[in-house]
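The values are calculated or read from the model by the stated rules, or taken from the named source; none is laboratory data. No experiment lies behind these values; they were computed from the predicted model shown. Every residue, glycine among them, receives a Cβ derived from its backbone with ideal geometry; neighbour counts consider all protein chains shown. With ligands, DNA and RNA removed, areas are computed over all heavy atoms of the protein, side chains included. Shrake-Rupley method; radii C 1.70, N 1.55, O 1.52, S 1.80 Å.
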Amino acid sequence: MTEKIKKTPKFLKDRYLWNETAENPYVTYALYFIMLFMSVLLIFVSAVGMCHVVGTSMSPTLSDGDYLLMTKNPTSFKHGDIITFRMKDEDGTEEALIKRVIGIGGDRIVFIKNNDAIGTVSIYRQAAGGEKFVLVQEEYTGDYPTLASSFVGGKLANNVSPDATPENMEKHALLIDADRLLVLGDHRDDSTDSRAFGLVPTDTVRGKMFYRLTKGSLLERMLLLIYNDEKL
């Protein structure tokens, strides 16, 4: 009588991941590709976040409804960076804000009230280690200048000087501590920022923008499936 040889079932890992020849090499290739793709995706999601812009405080640079890619929990900052951070409002509710970095630790900032019809304010900055104050040129603000009235009642109200000059800026300067940031919205007359709540602690920063997604693009739709309602 012929004996029947009973085959021992092999688990997927035994069949495709060890040093055995796969019954179907294409299946092996597909498995390796899926594993590689999932590993890259995991690394990407852990290091990169997606931010949904709500409101017009960063207009004209960013529009309401834009989606941005951000490096998560950055530790270094430079002038002009766009960041997201957490801030508690008056009733203790935490909200996410997105603003532009104007001053970093070690900078000295002077706000000078100009003698013009609408009461604009010029911002001068002595960068950390710099020797002189330089006017902060902000082309990204478009037609939204910084107004003296936007400081009224805020944390920096006493830092706006009507009599500061290039010769006496030192005594009017606001020194930014190493663990703080001065942030402003690009749409200066429609933004709640450092003028209202003061300097931002660096440990509250959740993301730093490096790419704006094209609205309605395939990449945007794909990333929306991955990130869903993630909030930085």
* Asked: In the Gaussian network model of the chain, springs joining C-alpha atoms below 10 Å, which of GLY198, GLY119, GLY129 carries the largest mean-square fluctuation?
  -> GLY129
* GluC sites (Glu not before Pro), restricted to segment 133-216: which are DSSP loop and have at most 13 other Cβ atoms within 10 Å? -> GLU167
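Can you give me the relative contact order of segment 63-160 as a percent, contacts being Cα pairs under 8 Å and 6 or more apart?
The value is 18 percent.
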* Asked: What does the charge dipole of the chain about its Cα centre add up to, to the nearest 20 debye, if the Cβ of each Lys and Arg holds +1 and the Cβ of each Asp and Glu holds -1?
  -> 1120
* Exposure of HIS187 as accessible area (Å², to 10), given a probe of 1.4 Å and all protein chains -> 20
* Selection from TYR29, GLY80, GLY92, by position along the positive dipole direction of segment 21-92 (Cβ) -> TYR29
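Ignoring any ligand, DNA or RNA, what whole percent of the accessible area of the chain comes from carbon and sulfur when the probe is 1.4 angstrom? Walk me through the numbers before you get to the answer.
Numbers: 8040 of 14580 Å².
Whole-percent figure for carbon plus sulfur exposure: 55.
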* **Rel. contact order, % - alpha carbon contacts under 8 angstrom, at least six apart, the chain** => 25
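Provide LEU31, LEU218 ordered by accessible surface of protein heavy atoms (probe 1.4 Å), highest first. Before the final figure, lay out each step's value.
Values: LEU31 45, LEU218 110 Å².
These residues rank, largest area first, as LEU218, LEU31.
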* **Rounded accessible area per residue of segment 104-201, 1.4 Å, Å²** => 52
* Structure fact -> Subtracting the Cα-Cα distance of TYR26 and VAL152 from 0.36 nm times their residue separation yields 38.5 nm
* To do: Report, as a whole number in µm² per second, the diffusion coefficient that Stokes-Einstein gives for segment 95-206 at 37 °C and 0.692 mPa s using the Kirkwood radius over alpha carbon pairs.
  => 230
* Heavy-atom accessible area of ILE102 with all protein chains present, probe 1.4 Å, nearest 10 Å²? -> 0
* To do: Grab the alpha carbons of the chain, take their convex hull, and tell me the volume per residue in Å³.
  => 188
* Acute angle (nearest 10 degrees) that the helix 218-227 long axis makes with the longest principal axis of the chain, alpha-carbon atoms -> 80
* Asked: How many angstrom lie between the C-alpha centres of segment 172-193 and segment 136-169?
  -> 10
* Could you state the angle between the C-alpha long axis of helix 25-47 and the longest principal axis of the C-alpha atoms of the chain, as a value from 0 to 90 degrees rounded to the nearest 10? => 20
* Structure fact -> Ignoring ligands and nucleic acids, SER46 exposes an accessible area, probe 1.4 Å, in Å² to the nearest 10, of 80
